[in-house]
Amino acid sequence: MTATALVTGGSSNIGWACVQRLAPTHRVVIADLKPPVEALPPGVRFVACDITDAAACRAAVQDAGGDEGLAVLVHSAAITAPAEPIASTDPALWRRLIEVNLTGAFLTAQAAIPALRRARGSAVFISSRAGRTGYAALTPSASGTKAHYAASKAALLSLVKSLAIELAPDGVRVNSVVPGSIEGAMIPRHRWPELAARIPMNRLGTPDEVADAVAFLCSDHARYITGHALDVNGGTWMS
């Protein structure tokens, strides 16, 4: 029987690439606010889900996993905002990014734990290089760091470790992928050449390359890896 994968934020960008990467080997369910613009691949379904709503997260997991459980959870849903100094950041904007990027990940994980346990599955959460550095750029600047975004993604890395520790005895692995500068809607296209010139590999990454890392961590090739953060950034952060 074909295993099931749930991809939050799967309608666009990195999430959509993960859907396409997993579709040949899994029954994939996209959980997002809106369906993809492109046609769904064979075997892929869409369910509407606001990840800040605990009941909606539970419903999406139940719709995807049913009695079998989830073999794969990919949590890609996230938002960002323009860089600005912490001193002038609106507390409401801070709370919104934390609510979506961190609390949304927590609610998704909490809803998925029983289904992942049933299937002895694997989960991958998409973080960001900003969570490593404290600033969402290739160089730090006092003019603005996107502290709300960076903090949410740093906390996500810690949440992944907590989940990995708690779920390891159940045979569930939990990891994260940490993209750097990736082509897509979060980076305006006119900035791609400027950023590429400052990346050791001389180009931005692609959503497909992030999806390949996700697929590896979800596969049996990574069966002894949990609590790990895999950087996909062309050499802009090395740990």
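From the backbone phi of region 35-42, what are the Karplus-calculated ³J(HN,Hα) couplings (6.51 cos²θ - 1.76 cosθ + 1.60, θ = phi - 60°) in whole Hz, Gly and Pro given as x?
x, x, 6, 7, 5, 6, x, x
Helix 13-22: angle to the longest alpha-carbon principal axis of the chain, degrees 0 to 90, nearest 10?
For 13-22 against the chain, the angle is about 30 degrees.
Only counting other Cβ atoms within 10 Å, I'd like 135, 224, 149 sorted with the fewest neighbours first.
Exposure proxy ranking, most exposed first: 224, 135, 149.
How far apart, in nm, are the 7 Å Cα→Cβ label points at residue 168 and residue 62?
About 3.3 nm, to one decimal.
Residue separation times 0.36 nm, minus the C-alpha to C-alpha distance between residue 117 and residue 96: what's the value?
Here the segment from residue 117 to residue 96 would lengthen by 4.5 nm.
What distance in nm separates the simple spin-label points at residue 224 and residue 37, each placed 7 Å from Cα in the Cβ direction?
Using points 7 Å along Cα→Cβ, the separation is 4.5 nm.
What does the net charge come to around residue 130 if you take all other residues with beta carbon closer than 10 Å to its beta carbon, with K and R at +1 and D and E at -1?
Once positives and negatives cancel, what remains is +4.
Cut-off under 18 Å on the C-alpha distance; same-chain residues fewer than 8 positions from residue 146 excluded. Which aspartates and glutamates are left, in chain and number order?
Straight-distance partners of residue 146: 84, 90, 99.
Rg and Dmax of the chain, Cα atoms, in Å?
17.0, 54
What is the distance, in nm, between label points placed 7 Å from the Cα along the Cα-to-Cβ direction at residue 87 and at residue 2?
If labels sit at residue 87 and residue 2, their model points lie 5.6 nm apart.
Treating the angle as unsigned and between 0 and 90°, give the value, to the nearest 10°, between the Cα long axis of helix 104-119 and the longest Cα principal axis of the chain.
Helix 104-119 sits at roughly 30 degrees to that axis.
Bear in mind these aren't lab numbers, they're just calculated from the coordinates by the rules spelled out. If you're wondering where the values come from, they're calculated on a predicted model, not measured in any experiment. Note that we place each Cβ from the backbone using ideal geometry, even for glycine, and neighbour counts take in every protein chain shown.
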